[in-house]
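Heads up, the thing below is written out as structure tokens.
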Amino acid sequence: MDKIINDDLIRSEMKYWRVPGISVSYVKGKEHFSCGFGYRNKKMEPVDENTVFCIASCSKAMASAVAAILASQGLLDFDVPVQHYIPWFEMSDKEASKKVTLRDMLCHRTGIAPHDGIWPDNITSKELVERLSFLPFSAPFRSKAQYSNVIYAAAGYVMEKITGLSWPDIMEKYLFTPLGMKSSSCNAQSLINSENHAEPFQVTDGDLTQLDIWNVDTVAPAASVNTTASDMCRWLSFLTSKGRTADGIQLISPSVFEEIIKKQISYTDFIETPDLFPLDGYAFGWQTGSYRGKYILRHTGKIEGYSSLHAFLPDEEIGVSIMLNFHSPTVSIMLAILYDILDKLLLIPPVTTVERFHSSKPPEPADFNDCYEDVFGKRYPDAIPFEGKNDIIQIQGTYTNPGYGCIDIISEDSKLFLMSRGIKSPLIPYWGGIFKAVGFKEDIMTYDMPVTFLKDKTGKITALSMPCEQLTSDIIFEK
């Protein structure tokens with residue numbers, strides 16, 4: 001087969017978007033290849049096929065594969081209510097509490113809103129699941145797909161209860177060891193401890209800035225896998241072999257494998273342009289659709305300085321993985337590389353060029369801010385900063401919500417700050433008694449968030465409200 005990886009395309013796109021490092025893997029039948037480009041840290045140490053990246057939400061497909069392995073062994077059933085495995089399991093919707101299954105969870109059709117503001121936090125997987133009973137729904141049960149990291153974490157907890165193992169041990173026993181993924185793990189400390197790991201980067205105020213590794217262990221089944229290009233070849237080969245390991249062991253039965261890769265529910269893709277092949281559904285940890293007439297499963301991942309994409313075409317036994325140590329924007333470069341590789345593996349003329357993703361002009365500073373949203377400005381476009389004195393003593397304190405945990409309002413040098421999940425945001429006062437929490441983080445997004453303090457009839461502050469979940473009414477934290 002002719003050379004598949006287009007080095008010039010990858011290096012050119014890396015330069016255009018200022019991406020520090022990329023690793024690429026592909027498989028076709030028995031053929032496989034992996035390589036690295038660029039650098040993994042400030043020391044300019046090179047990325048190679050053994051450099052470890054966090055793949056974020058691409059972890060969901062691996063969590064679903066573990067569920068499929070357990071189903072193949074008769075240890076769980078996708079269509080048995082979760083309360084069969086966890087009798088105390090509750091959600092804020094009573095019907096959903098009784099009927100919700102792992103199938104509902106793995107294809108995001110529970111009805112619960114994303115609620116990414118509840119993690120990361122210093123709580124156990126059991127405590128996270130207990131919080132679900134306090135989180136409002138944003139759609140009727142089973143009515144539509146709504147992407148949810150916390151629901152995937154709950155699905156992982158079901159598997160913990162079934163096996164009696166922690167999530168890292170589950171992944172090691174049922175997936176990493178059987179597939180020979182010796183450099184893979186699913187907790188933040190393992191990523192930090194790896195000698196050959198890629199540090200996360202983001203363009204901030206025009207400068208390429210190295211970030212701290214974000215601990216996402218709270219929602220480990222949804223986003224915590226760390227892996228290499230070499231190990232991703234083993235993962236892709238497992239998929240293209242329809243659940244069979246390299247030494248011929250059928251970990252996922254054929255009928256169960258077909259179940260996890262078929263479309264379960266309609267799901268709108270983030271790609272809107274028809275000629276860029278948007279997908280239309282969600283399976284178990286995969287988006288589903290068509291690429292140039294071929295059935296394709298694809299998923300992206302992004303978290304605090306890491307981005308990833310993996311895809312496979314089951315009928316053609318083709319799989320591709322792309323991992324970057326760069327926050328955003330990354331959809332353009334990942335799809336440009338993916339489509340170029342797929343066309344070559346399919347032996348068909350290419351139809352997608354980088355010009356469909358961007359012009360020849362350098363990206364604008366705003367292009368690197370696509371994961372920032374000014375919620376405060378949208379709600380209060382005419383707000384005027386308040387320069388007088390606030391009652392700092394009364395505003396300070398701990399505010400709690402049973403679903404979201406604690407928010408602390410503190411003061412330093414007569415300035416207010418909002419502390420949530422260990423993240424410190426300046427709290428800026430405006431006329432009318434409203435405040436803005438600057439740099440409030442939820443999942444991949446950074447928000448400037450409105451905060452309102454609520455008072456009783458005597459004027460005493462009793463609570464605060466924030467639009468932590470924009471698909472529901474504001475979340476109330478009581479003082």
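The values are calculated or read from the model by the stated rules, or taken from the named source; none is laboratory data. Here the structure is a predicted model, which is why all the values come from computation and not from measurement. As a convention, Cβ positions derive from the backbone with ideal geometry for all residues, glycine included, and neighbour counts pool all protein chains shown. With ligands, DNA and RNA removed, areas are computed over all heavy atoms of the protein, side chains included. Shrake-Rupley method; radii C 1.70, N 1.55, O 1.52, S 1.80 Å.
Tabulated values for the structure
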{"item": "Breaking point among (1) surrounded by fewer than 16 Cβ atoms within 10 Å (Cβ to Cβ); (2) not in a strand (DSSP E or B), for ASN390", "result": "(1)"}
{"item": "Residue selected from the stretch 97-126 under the condition of a type in the set (D, E, K, R) and either within 20 Å of GLU469 (Cβ to Cβ) or in contact (Cβ under 8 Å) with a residue 60 or more places away in the chain (or both), by the criterion least open to solvent (accessible area, probe 1.4 Å)", "result": "ASP104"}
{"item": "For ARG244: the one exception among (1) touching a helix residue (DSSP H, G or I) at 6+ places or on another chain (Cβ under 9 Å); (2) more than 28 Å from LEU191 (Cα to Cα); (3) open to solvent by 10 Å² or more (accessible area, probe 1.4 Å)", "result": "(2)"}
{"item": "Considering residues of the stretch 80-96 that are in a loop (DSSP other than H, G, I, E, B) and open to solvent by 20 Å² or more (accessible area, probe 1.4 Å) only, the residue nearest to GLY180 (Cα to Cα)", "result": "VAL80"}
{"item": "Residue that is surrounded by the fewest Cβ atoms within 10 Å (Cβ to Cβ) [pool: residues in the stretch 398-415 that are in a strand (DSSP E or B) and either at pLDDT below 95 or touching a helix residue (DSSP H, G or I) at 6+ places or on another chain (Cβ under 9 Å) (or both)]", "result": "GLU412"}
{"item": "Members of the stretch 193-224 that are acidic (Asp, Glu) and either assigned to a strand (DSSP E or B) or out of contact with any helix residue (DSSP H, G or I) (no Cβ under 7 Å at 6 or more places or on another chain) (or both)", "result": "GLU195, GLU199, ASP205, ASP207, ASP212"}
{"item": "Qualifying residue in the stretch 370-382 (condition: among the β-branched types (Val, Ile, Thr) and surrounded by 20 or more Cβ atoms within 10 Å (Cβ to Cβ))", "result": "no"}
{"item": "Matching residues in the stretch 7-24 - criterion: being of a type outside the set (D, E, K, R) and more than 23 Å from the chain's Cα centre (by Cα)", "result": "LEU9, ILE10, SER12, TYR16"}
{"item": "Residue in the stretch 112-134 that is acidic (Asp, Glu), under 19 Å from the mean Cα position of the chain (by Cα), at pLDDT 95 or above and more than 16 Å from ALA220 (Cβ to Cβ) present", "result": "no"}
{"item": "Matching residues, the stretch 22-79, being part of a loop (DSSP other than H, G, I, E, B), open to solvent by less than 10 Å² (accessible area, probe 1.4 Å) and among the charged types (D, E, K, R)", "result": "none"}
{"item": "Some residue of the stretch 134-154 being touching a helix residue (DSSP H, G or I) at 6+ places or on another chain (Cβ under 9 Å), of a type in the set (Phe, Trp, Tyr) and buried (at least 23 other Cβ atoms within 10 Å of the Cβ)", "result": "yes"}
{"item": "Residue tally, condition farther than 15 Å from SER420 by Cα and not acidic (Asp, Glu), over the stretch 441-462", "result": "11"}
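This table checks each residue for (1) within 29 Å of SER92 (Cα to Cα); (2) free of Cβ contacts under 8 Å to residues at least 40 places away in the same chain; (3) under 24 Å from the mean Cα position of the chain (by Cα).
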| site | (1), (2), (3) |
| --- | --- |
| TYR372 | no, no, yes |
| ARG379 | yes, no, no |
| PRO385 | no, no, no |
| ILE392 | no, yes, no |
| GLY397 | yes, no, no |
| GLY403 | yes, no, yes |
| ILE410 | no, yes, no |
| LYS424 | no, yes, yes |
| PRO429 | no, no, no |
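Residue-wise test of (1) assigned to a loop (DSSP other than H, G, I, E, B); (2) in contact (Cβ under 8 Å) with a residue 40 or more places away in the chain; (3) surrounded by 24 or more Cβ atoms within 10 Å (Cβ to Cβ).
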residue	(1), (2), (3)
ILE271	yes, yes, no
ASP275	no, yes, no
LEU279	yes, no, no
SER290	no, no, no
SER307	no, yes, yes
LEU342	no, yes, yes
